[in-house]
Amino acid sequence: MAIDTAPAIGVAPATRPTPRWRNRESLTAWLFILPSLIGFLIFTAGPVVAAGVISLLDWNLFSSPTWAGLHNFARLGPDPTFWSALGNTAYFTLVSVPLTILVSLALALLLNLGLKRITIFRSLLLLPYATITVAVAFVWIWLYIPHDGLVNAVLGWFGVSGPAWLISDSWAMPALILMSVWKSFGFGMVVFLAGLQAIPQQLYEAGRVDGTSPWNSFRHITLPMLSPALFFVVVTSVIGSFQVFDQALIMTNGGPGSRTTTLVMYIYRTGFENYDQGYAAAQSLVLFAFIVVITAGQFLFQRRLVHYDN
């Protein structure tokens, strides 16, 4: 019996699906991403790879580099200045980050009350964050002048004799921390304010119906709902504080002694004052590793502490 092998009428041949990356929407997305991706590869990923290579070399910028292997990393152990700078950076981070978050959250709660002309105050409070750090540092140097500075003048109104802030072993780092908190609280304030305005008001109304006090409402409604924004501010603040450099260089130049020498400042001096590029690169990679480990730890703990409204 003959078998009809003719193709069925009206049935179109199977076509291969278009790859996802060739879709018009995907190509459009890649065109938007490409400028940022190129910038990331050139200015972030590229320097990290270059630092990894340079850390294995002995190079002073003026002569041909020679292979050093892991010698630059071995130098970190017995280097007291490195560990002192790391301790100063940790001190700065542990004090400045909580203070910045507290000030930012307090101001965000105040701005969220819906007072009249609050937009003006919101803009004024954001100005320090939008100002260049170098300019702010010079202003605070004038504020910290021992005899004629505004800070000691205000303390004098209350009968307190202010210290010589920037040349005091005990007060130089707190002076930098105070300036840094004033400079950076605006960023957290804006993030917290956006988070507060996204909290459904029905939750507060239900709490008032149940007789919830303002403190319990803050603890059980505001903080849990604000935890994603809080987590974001904590992570970015810790990363930024570990890279503190400008204010320490301008205001104290790392002094008195090495009391305010931060890790980034020590890396800068090693690489561009002592011209020891290999050792500076090794230090920068260790700093990078510290930041990665701390950030990873924060992401591990955020599952327990951060509430996401699904």
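Are any residues in region 195-220 among the aliphatic types (A, V, I, L, M) and within 21 Å of V306 (Cβ to Cβ), and if so, which ones? Scanning region 195-220 gives L196, A198, I199, L203.
The residues on offer are I132, I120, and the sole one that is aliphatic (A, V, I, L, M), out of contact with any helix residue (DSSP H, G or I) (no Cβ under 8 Å at 6 or more places or on another chain) and within 24 Å of G240 (Cα to Cα) is I132. If you go through region 139-149 and keep only what is open to solvent by 100 Å² or more (accessible area, probe 1.4 Å) and outside any loop (DSSP other than H, G, I, E, B), you end up with just W142. Residues in region 121-138 that are touching a Leu at 6+ places or on another chain (Cβ under 8 Å) and open to solvent by less than 90 Å² (accessible area, probe 1.4 Å) were compared, and the one that is farthest from S170 (Cα to Cα) is R122.
Here is the figure for region 35-87: residues that are in a loop (DSSP other than H, G, I, E, B), in contact (Cβ under 8 Å) with a residue 40 or more places away in the chain and open to solvent by less than 50 Å² (accessible area, probe 1.4 Å) total 4. Filtering region 254-310 to residues that are polar (S, T, N, Q), out of contact with any Phe, Trp or Tyr (no Cβ under 9 Å at 6 or more places or on another chain) and under 14 Å from V238 (Cβ atoms) leaves only T295.
Candidates L109, L124: the one that is more than 30 Å from L263 (Cβ to Cβ) and without any contact (Cβ under 8 Å) to a residue 12 or more places away in the chain is L124.
Inside region 184-220, residues that are open to solvent by less than 50 Å² (accessible area, probe 1.4 Å) and closer than 28 Å to I239 by Cα make up a count of 12. When every residue of region 254-272 is checked against the conditions, at least one turns out to be buried (at least 16 other Cβ atoms within 10 Å of the Cβ), on the phi > 0 side of the Ramachandran plot and under 26 Å from the mean Cα position of the chain (by Cα). Restricting attention to region 151-162, does a residue exist that is assigned to a helix (DSSP H, G or I), buried (at least 17 other Cβ atoms within 10 Å of the Cβ) and within 20 Å of the chain's Cα centre (by Cα)? No - not one qualifying residue is present in region 151-162. For I118, the conditions (1) in contact (Cβ under 8 Å) with a residue 40 or more places away in the chain; (2) open to solvent by less than 50 Å² (accessible area, probe 1.4 Å); (3) closer than 24 Å to L193 by Cβ all hold with the exception of (1).
The values are calculated or read from the model by the stated rules, or taken from the named source; none is laboratory data. Note that the structure is predicted; figures quoted are calculated from it, not measured. Ideal geometry is used to build each Cβ from the backbone, glycine not excepted, and the neighbour counts take in all protein chains shown. The area values use the complete protein model at the heavy-atom level, side chains included, leaving out ligands, DNA and RNA. Shrake-Rupley method; radii C 1.70, N 1.55, O 1.52, S 1.80 Å.
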